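Reading through the structure tokens given below for one structure.
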Amino acid sequence: MKEIKIPVQTLLTFMVILIITALIIGWWLGHQGWQIAEVDVGGVKIAPPTSTSTPTLQSGQIPSSPTPTPVSTDLTEATSANFTPIPFTPTLPPPNPNNLIINGSFTDGFTGWERELYDEENSAKAKIVPFSAGEFGSAIYIENKGKGSIYFSQKVDLPTLDVDFSVTFKSTSETTWWGDTISSAGIIIAYLDKDDNVLGGTIITNLDLSNVFLADTSFVGALHTPQDTNTRHILFVNSGEMYRDYTINLKQELEENLLGIPENLVKKVEISIVATANGPGVTASLTATDFKLIPRP
């Protein structure tokens, strides 16, 4: 048999072509999701290349999900270890600097207000209470049970009569149906001259005689609802109802409802709150705050 001699250069070229072809085939098969073993080419073992690209999913194939990292569900541990509660205190609005009334929202106890009792075997109470309807969350509460009265008042000099008075309040009262004992609560604006003489007043009251037997009739001894005069104006409000920012302009009040009071003589006002009763067994109360006397510009 005749020996065939292949030049070394030709043999090397052939082996290089085989190696390159094997690499290409291995890359293609790997890209199709196949796995192949090492290829022995002329005594040289060639491993398929490792693809770093994302495998292409075939129809119906579901991708595998990574193993989730466990998360602690112990809220107590999370709170104590990672969270420190910060208390929240709301910022209250500053008091109106133009308000002529001292401590009108009772944030400083009873400061600025004078107390007066008419003790006739009654039981009177007074305290500062939380009051969500108020601008600053506090109010005065007064109560009178039985015959007698309790008052709190404050006198204020007026730079002008064109002043807006306002208040937020809620009052209660009781009256027996036959009318021998009644109670009421309210707010009084007394108009004073320079010497503190009372010229007249505006009265806000919850007095109600509509259910009292024979009230406002001509029978002797029957109770009568008080009436307006030229120096007294009565404003009736409902027992148990909340009134927010109940407002009266003093100049307008004098010009329209209190014609018997000379405007030029009014130099002061006295603001009073009162709870009163004319006999045992009935109670009146008043919760009030945000008293304001603010001159108009």
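The values are calculated or read from the model by the stated rules, or taken from the named source; none is laboratory data. Computed from a prediction, not measured in an experiment: that's the story for all the values here. Please note: Cβ atoms are built from the backbone with ideal geometry, for glycine as well, and neighbour counts cover all protein chains shown.
Restricting attention to the stretch 264-271, does a residue exist that is β-branched (Val, Ile, Thr), modelled with pLDDT under 95 and surrounded by 18 or more Cβ atoms within 10 Å (Cβ to Cβ)? Reasoning before the result, please.
Step one: list which residues in the stretch 264-271 are β-branched (Val, Ile, Thr), which gives 266, 269, 271.
Within this subset, residues satisfying the condition of being modelled with pLDDT under 95 are none.
Scanning the stretch 264-271 turns up no residue that is β-branched (Val, Ile, Thr), modelled with pLDDT under 95 and surrounded by 18 or more Cβ atoms within 10 Å (Cβ to Cβ).
Collect the residues in the stretch 196-253 that are aromatic (Phe, Trp, Tyr) and in a strand (DSSP E or B), keeping them in residue-number order. Even if it seems obvious, please write down each step before you answer.
Going through the stretch 196-253, the residues aromatic (Phe, Trp, Tyr) turn out to be 213, 219, 236, 243, 246.
Selection gives 236, 243, 246.
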Residue count, the stretch 273-297, condition surrounded by fewer than 20 Cβ atoms within 10 Å (Cβ to Cβ) and in a strand (DSSP E or B), comes to 3
Return the residue satisfying two criteria in turn: it lies in the stretch 108-140 and is under 20 Å from residue 156 (Cβ atoms), without any contact (Cβ under 8 Å) to a residue 40 or more places away in the chain and not small (Gly, Ala, Ser), and of such residues it is surrounded by the fewest Cβ atoms within 10 Å (Cβ to Cβ). 111
Suppose the filter is closer than 24 Å to residue 285 by Cα and among the hydroxyl-bearing types (Ser, Thr, Tyr); does residue 205 pass it? yes
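Answer yes or no as to whether residue 238 is touching a residue at least 60 places away in the same chain (Cβ under 8 Å) and on the phi < 0 side of the Ramachandran plot.
Numbers: touching a residue at least 60 places away in the same chain (Cβ under 8 Å): no; on the phi < 0 side of the Ramachandran plot: yes.
Against the criterion (touching a residue at least 60 places away in the same chain (Cβ under 8 Å) and on the phi < 0 side of the Ramachandran plot), residue 238 does not qualify.
In contact with a Phe, Trp or Tyr (Cβ under 7 Å, 6 or more places away or on another chain), of a type in the set (A, V, I, L, M, F, W, C) and surrounded by 21 or more Cβ atoms within 10 Å (Cβ to Cβ): is that true of residue 167 in this structure?
Criteria met by residue 167.
Condition first: polar (S, T, N, Q) and closer than 20 Å to residue 142 by Cβ. Now tell me which residues in the stretch 239-297 satisfy that.
Of all residues in the stretch 239-297, those polar (S, T, N, Q) come to 239, 247, 249, 252, 257, 264, 272, 276, 278, 283, 285, 287, 289.
Of everything in the stretch 239-297, those that are polar (S, T, N, Q) and closer than 20 Å to residue 142 by Cβ turn out to be 239, 272, 276, 278, 283, 285, 287, 289.
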Test result for residue 258, at pLDDT below 95, among the aliphatic types (A, V, I, L, M) and in contact with a His (Cβ under 8 Å, 6 or more places away or on another chain): no
Looking at (1) touching a Gly at 6+ places or on another chain (Cβ under 8 Å); (2) surrounded by 14 or more Cβ atoms within 10 Å (Cβ to Cβ), which is the only condition residue 246 fails? (1)
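Taking the condition of being in contact with a strand residue (DSSP E or B) (Cβ under 6 Å, 6 or more places away or on another chain) and either surrounded by fewer than 18 Cβ atoms within 10 Å (Cβ to Cβ) or among the aromatic types (Phe, Trp, Tyr) (or both), how many residues in the stretch 196-211 meet it? Even if it seems obvious, please write down each step before you answer.
Looking only at the stretch 196-211, we keep the residues that are in contact with a strand residue (DSSP E or B) (Cβ under 6 Å, 6 or more places away or on another chain), and these are 198-207.
Next, only the ones that are either surrounded by fewer than 18 Cβ atoms within 10 Å (Cβ to Cβ) or among the aromatic types (Phe, Trp, Tyr) (or both) stay: 198.
Residues meeting the conditions: 1.
Considering only residues of the stretch 218-233 that are within 21 Å of residue 282 (Cβ to Cβ) and exposed (fewer than 12 other Cβ atoms within 10 Å of the Cβ), which is nearest to the chain's Cα centre (by Cα)? Let's see the steps before the verdict.
Step one: filter the stretch 218-233 for residues within 21 Å of residue 282 (Cβ to Cβ), giving 221-226.
Restricting the remaining residues to those that are exposed (fewer than 12 other Cβ atoms within 10 Å of the Cβ) gives 221, 224.
Values: 221: 50, 224: 43 Å.
Residue satisfying both the conditions and the ranking: 224.
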